[in-house]
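Enquirer: I am attaching a structure below and will ask some questions about it afterwards.
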Amino acid sequence: MGRRKHLVPCGPSLVALALSLFATVSGMEISVPSVVQALNGTDIRLPCSFNSCYKVDNKQFSMNWTYRACENCSEETFIQFDKKIINQRLERFQSRVEFKGNPSKNDLSVTIRDVQLQDGGEYHCYVLNPPDRHKGIGKIRLEVLTEVPPERDSTVAVLVGASVGGFLAIVILFLVILKCVRRKKQQNLNSDDQKTEEEVKTDGEGNPEGELKASIPEVP
């Protein structure tokens, strides 16, 4: 028997997926689905991408994926980026986890092969791309199923979900561009202020004392 493919959300869940596709945080925009479903024994991709005003510098960029089985459980790091990709090879995953992204293309996705029931839980994608000061966080809940749910007509839901997802993508892109423009303007203003201060200081120190006195008319 051939390997069964991983599940693709359909019906109303697609609308919820589109609405929750973008998790926006200060200084960094992370794009993740809130819920991913996988059939037991199949391979599943956990997507995570980010938008930043700055180009990725491998010497400063950092990223890590963590897993926790429940809300109150501790997080376990299983993949991180510190100048290069490091697979922690946790005992629970052994060698079933593989990094499939490309940081230079803002893609931080990972793949879990041969998904097991115990793999269900919360997965967090953390990103820091200096000079951005704030760390981006994306959270995915993985649901592992033992059987495929019955199919249903989801044409309307797919159309609505696609429309909503496209609209949100445009809004997020606009906000990212606006934020970058404002940040660059602020940097230019700070640079101009610094130049003005230096010119005033130089002018005050460079004028001879005689010239300063000559500029003041004498009173008879």
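Values quoted throughout were computed directly from the atomic coordinates according to the rules given, and no laboratory measurement underlies them. The shown structure was predicted, so the numbers you read here are calculated from the model rather than taken from an experiment.
Enquirer: Evaluate 2.2 N^0.38 Å with N set to the residue count of segment 23-80, then give the Cα radius of gyration divided by it.
Expert: Against the empirical 2.2 N^0.38 Å value, I get 1.38 for segment 23-80.
Enquirer: Counting only residues 5 or more places away or on other chains, whose amide H sits under 5 Å from the amide H of residue 101 once H atoms are built in the peptide plane?
Expert: Hits under the 5 Å cutoff: 109.
Enquirer: If you stretched the chain out fully between residue 170 and residue 146, how much longer would it get, using 0.36 nm times the residue separation minus the C-alpha to C-alpha distance?
Expert: Roughly 5.0 nm would be gained on extension.
Enquirer: Output ³J(HN,Hα) for segment 66-81: one whole-Hz value per residue in order, computed from phi by the Karplus curve 6.51 cos²θ - 1.76 cosθ + 1.60 with θ = phi - 60°, and x for Gly and Pro.
Expert: Taking θ as phi minus 60°, the curve returns 10, 10, 9, 6, 8, 4, 9, 7, 7, 7, 10, 7, 10, 9, 9, 10 Hz for segment 66-81.
Enquirer: Translational D (Stokes-Einstein, µm²/s) of segment 81-136 at 25 °C and 0.890 mPa s when Rh comes from the Kirkwood sum over C-alpha pairs?
Expert: 188 µm²/s
Enquirer: Taking 0.36 nm per intervening residue step and subtracting the Cα-Cα distance, what contour gain separates residue 88 from residue 34 on full extension?
Expert: Numbers: separation 54, 0.36 × 54 = 19.44 nm, distance 2.43 nm.
Contour length minus the Cα-Cα distance gives 17.0 nm.
Enquirer: Separate question: Quick check: residue separation of residue 77 and residue 102 times 0.36 nm, minus the Cα distance between them. What number comes out in nm?
Expert: The residue 77-residue 102 span can extend by a further 7.1 nm.
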